[in-house]
1. Those residues that are under 16 Å from V285 (Cα atoms) and open to solvent by less than 60 Å² (accessible area, probe 1.4 Å), I need them from segment 130-183; list them, please.
2. Identify, please: which residue in segment 244-260 is hydroxyl-bearing (S, T, Y) and under 18 Å from E290 (Cα atoms) and is, among those, surrounded by the most Cβ atoms within 10 Å (Cβ to Cβ)?
3. Determine, yes or no, whether F327 is at pLDDT 90 or above and under 25 Å from G272 (Cβ atoms).
4. Quick check, is L82 in a loop (DSSP other than H, G, I, E, B) and either surrounded by fewer than 23 Cβ atoms within 10 Å (Cβ to Cβ) or in the same structural domain as V337 (by the TED database) (or both)?
5. Scanning segment 372-401 for residues that are more than 15 Å from the chain's Cα centre (by Cα) and over 16 Å from Q233 (Cβ atoms), which turns out surrounded by the fewest Cβ atoms within 10 Å (Cβ to Cβ)?
6. Can you tell me how many residues in segment 261-283 are closer than 23 Å to A22 by Cβ and surrounded by fewer than 23 Cβ atoms within 10 Å (Cβ to Cβ)?
Amino acid sequence: MADRRTFNVVILGVGFLFIFTAFTTCGNVEQTVVKSLDNDTFTGSGYHSLGIIYGIFSFSNLLAPTVVTVIGPKVTMFLSGLLYSGYIAVFIIPSTWSFYLTSVLIGIAAAMLWTAQGHFLVENSEASTINRNTGMFWALLQCSMFFGNLYIYLDWNGKTEITDSSRKNIFLSLLVASVLGTLSFLVLRKSHQEEEMLSEEEGRSLLSTRMMYKHRASTAMQDAKSEMKTILQLLKTKTILLLSPCMAYSGLELSFYSGVYGTCIGATTQFGEAAKGLIGISGIVVGIGEIVGGGLFGLLCKNNRFRRTSVVFLGMVVHFIAFYLVFLNIPDDAPVVFKTTTQKTPYLTPSVSIALLCSFLLGLGDSCFNTQLYSILGRVYAEHSTPAFAIFKFIQSVFAAVAFFYSGYVLLMWQLLLMIILGFTGTLCFFVVERMQNFSVEFQEY
């Protein structure tokens with residue numbers, strides 16, 4: 001039994017590794033790829049596509065648990081993987097309508113995929129193995145930052161233009177990776193809990209398959225209504241209201257490190273022929289920062305409430321240093337130029353080492369905020385963790401979507417200033433919530 005569950009967790013992680021090797025690489029380079037297209041009929045924007053994905057994802061999260069309950073996590077993940085693969089395939093022969101249509105579909109697929117992943121991971125874990133299994137899955141997932149971005153570096157290094165053949169080769173490779181990840185879900189085995197549920201349902205000889213799914217759907221709808229009611233109640237609580245600026249900030253900086261910053265590096269004239277290849281290296285270094293931060297703060301400090309404020313403060317300082325260096329090192333028009341490279345000159349002569357240091361700091365700071373937001377929500381809302389996390393993902397995704405929509409129009413300086421203001425506000429509000437929790441604990445002890 002334990003071997004079957006471990007097998008399932010490993011295959012789950014491998015499937016996500018392949019799918020997100022394709023998707024994270026795609027998100028990192030797609031605005032650069034779109035700008036390079038020699039196609040007068042294509043009018044799409046990579047920023048707008050990512051904005052649509054996160055916007056649809058935020059609202060689809062509310063319906064995803066019902067779908068997963070009705071058709072099961074394995075089928076949900078397989079169908080979602082197909083939609084991810086469809087999005088990658090669009091870049092091989094791009095057209096505006098298919099680009100935006102698949103953006104909508106992958107937003108829905110993302111909500112289904114992550115909900116099913118959580119459901120399946122819990123099904124295949126016990127209290128004694130949940131931390132180990134989550135760690136195994138997380139480690140495999142983080143490796144997705146490396147392989148695709150390494151390919152980008154090797155293929156684009158020394159090139160000032162991305163040819164049609166280069167684009168097609170890259171996205172064919174990413175499509176193969178995504179399809180392999182999707183197919184791996186088919187070899188997942190039924191969990192013991194799922195087998196018990198199926199045998200119980202099969203034992204009801206009077207119930208047809210249609211009635212069985214109808215019963216599942218009815219139960220799922222009741223659960224969804226109950227969860228929605230809980231979400232609305234939690235939204236009115238002081239803790240959620242105070243944590244909202246921090247959640248919103250995590251959405252802005254998510255959009256910046258995952259799609260905007262790589263585009264800025266690739267558009268910097270002073271990097272010359274190295275600029276396009278640096279997009280891949282930047283993605284890898286962001287991943288290293290995420291792993292270092294997640295390992296140190298997610299595992300070592302997860303049960304220590306007194307260290308949460310220290311980690312969040314560190315995350316704020318690290319991000320502010322990164323923003324200041326980006327402001328000095330990257331031209332102000334880097335996010336908004338389209339057919340040309342940057343025309344403005346930054347305060348410093350652009351340095352590759354400073355640019356990659358900023359990538360590391362962005363990943364490190366992101367892991368600081370995310371690990372501690374999950375930690376404090378899990379502690380405060382131990383009895384309602386699922387609705388609390390749903391609120392977090394909703395707020396984060398909405399603000400990531402908004403950020404992607406304005407990123408192609410707002411100069412870099414103003415984007416950085418907005419993140420600094422919201423980051424500082426969010427950190428202060430986090431401190432207030434932590435102090436409220438400490439006071440509550442002290443009062444109960446008294």
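The values are calculated or read from the model by the stated rules, or taken from the named source; none is laboratory data. Please read all numbers here as calculations on a predicted model, not as lab measurements. Neighbour counts run over all protein chains shown; Cβ positions are idealised from the backbone, glycine included. Side chains are part of the model used for accessible areas, which takes the heavy atoms of the whole protein and leaves out ligands, DNA and RNA. Shrake-Rupley method; radii C 1.70, N 1.55, O 1.52, S 1.80 Å.
1. A139, L141, Q142, C143, S144, M145, F146, G148, N149, I152
2. Y249
3. In short, yes.
4. For L82, the condition - in a loop (DSSP other than H, G, I, E, B) and either surrounded by fewer than 23 Cβ atoms within 10 Å (Cβ to Cβ) or in the same structural domain as V337 (by the TED database) (or both) - is not met.
5. G378
6. 2
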